[in-house]
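Data block below; observations after.
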Amino acid sequence: MRIDEIIASVQPCFSVEFFPPKTDEGRELLLDNARELSELDPAFVSVTYGAGGSTRDGTVEISSLLHNELDLETMTHLSCVGETADGLREVLDRTEAAGVDNVLALRGDPPRGETDFVQPEGGLGSAAELTGFIGENYGFAVGGACFPEVHPEASSLDADLAYLKTKVDNGATFLITQLFFDNQVYFDFVAAARAKGIEVPILAGVIPIASYAQTERICELCDATIPAQLADAMTALGGDERAEFELGVAYAAQQCTELLLGGAPGIHFYALNKAPATRAVLSALRAARPWERNARQPATSEADAVH
């Protein structure tokens, strides 16, 4: 099923992101964790695409397994890095043959050791271009990434949103944000996107902190900000991983509750191939069902955009 159709019919929409493991042991662990999370009935799952296409085969393989063996609606990530147009068609053909209906179109990060994106000879140069390419040749639902704290290569929020609109104009029917911890950043971003004429649903990307050191490294890589109050609270735990896990779950559950009360159409969990933290947060949300409360929603809420 197409994710744009899922978002229109399932409120709120909960989804989970995985990455292709590099070892057989990692593959089995991923499948075990995916089975655990499938019990909570996520609307869809996604599988990332490594820098420079380093996991391109694993992406399609894992997407196929999750879709066909675990019966999970799946989205395959695809990037332009290191790929010719023919190479992209090969990946898309295999994705289509696996029965997967959804693709997240990305430009992609440069390969390790390189600082700048270089358009491959015979390839594509941007996520917007890839979005159009997919739409012209295939029937996938195409999603796009967006950056509430502004893409690190963008000169301003206005410039970032102007580019984001080209993705939507080229066929992206939903967007997923980079991870963030300050909900006001999300709400302000959505309001600015709507003012730019971007009307598609914007799912909020959330990472439940299981290990603070690991999360810090991830945030450094993707230029995401950890609020000072959260950073101070984590630091005060002195590296106690169990305490970090408990605080991370509590913070993410509160963060997601506020996002849903504010009208976000769904939460996309960055699970890092591990079930416990995401399972705890999603279980809490399923039990409390904050979206059913009679809460006042801001005028710029995602609920207004979706319905």
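The relative contact order of the range 167-262, computed from alpha carbon pairs under 8 Å that lie at least 6 residues apart in sequence, is 34 percent.
Cross-link reach is defined here as a Cα-Cα straight distance under 22 Å, omitting same-chain residues fewer than 8 places apart; for LYS22 the lysines meeting it are LYS274.
The relative contact order of the chain, computed from alpha carbon pairs under 8 Å that lie at least 6 residues apart in sequence, is 19 percent. Taking the alpha-carbon distance from LYS167 and a cut-off under 23 Å, which lysines remain once sequence neighbours fewer than 8 residues away in the same chain are dropped? Cα-Cα hits under 23 Å: LYS196.
With a cut-off of 20 Å on the backbone N, the residues of the range 234-256 near the modelled label site 7 Å out from GLU216 along Cα-Cβ are 234-252.
Taking amide H atoms as placed 1.01 Å from N in the peptide plane, the amide H of CYS13 lies under 5 Å from those of GLY266, ILE267, each 5 or more residues away in sequence or on another chain. Taking every DSSP beta bridge that has both ends in the chain, the antiparallel portion is near 5%. Amide H of ILE226: which non-local residues (sequence gap of 5 or more, or other chain) have their own amide H closer than 5 Å, using H built in the peptide plane? Correct list: empty. Heavy-atom accessible surface of the chain, averaged per residue, reaches 44 Å², computed with a 1.4 Å probe. Note on the chain: dipole from Cβ charges, positive end direction compared against ALA43, PRO21, ASN102; the farthest Cα belongs to ALA43.
Of all DSSP bridge pairs formed entirely within the range 1-131, close to 10 percent run antiparallel.
Placing a label point 7 Å from the Cα of LEU40 along the Cα-to-Cβ line, the residues of the range 1-27 whose backbone N sits under 16 Å from it are 12-19. Calculated from the alpha-carbon coordinates, the range 70-143 shows an Rg and a Dmax of 12.5, 39 Å respectively. Taking label points 7 Å from Cα along the Cα-to-Cβ direction, ALA287 and ASP93 give a separation of 5.0 nm. Carbon and sulfur atoms: what percent of the 1.4 Å accessible area of the chain do they account for? Carbon and sulfur together cover 48 percent of it. Note on ALA228 and ASP188: their simple-model spin labels are 1.5 nm apart, each label 7 Å out from Cα toward Cβ. Each Cα pair of the chain feeds into the Kirkwood radius, which the Stokes-Einstein equation turns, at 10 °C and 1.306 mPa s, into a diffusion coefficient of 81 µm²/s.
Between the listed residues THR131, LEU161, ASN183, the Cα displaced farthest toward the positive end of the dipole of the range 31-186, a dipole computed from Cβ unit charges relative to the Cα centre, is found at LEU161.
The values are calculated or read from the model by the stated rules, or taken from the named source; none is laboratory data. These numbers were taken from a predicted model, which means no experiment stands behind them. Neighbour counts are summed over all protein chains in view; Cβ atoms, including those assigned to glycine, are modelled from backbone coordinates with ideal geometry. Calculation scope for accessible area: heavy atoms of the full protein, side chains included, ligands and nucleic acids excluded. Shrake-Rupley method; radii C 1.70, N 1.55, O 1.52, S 1.80 Å.
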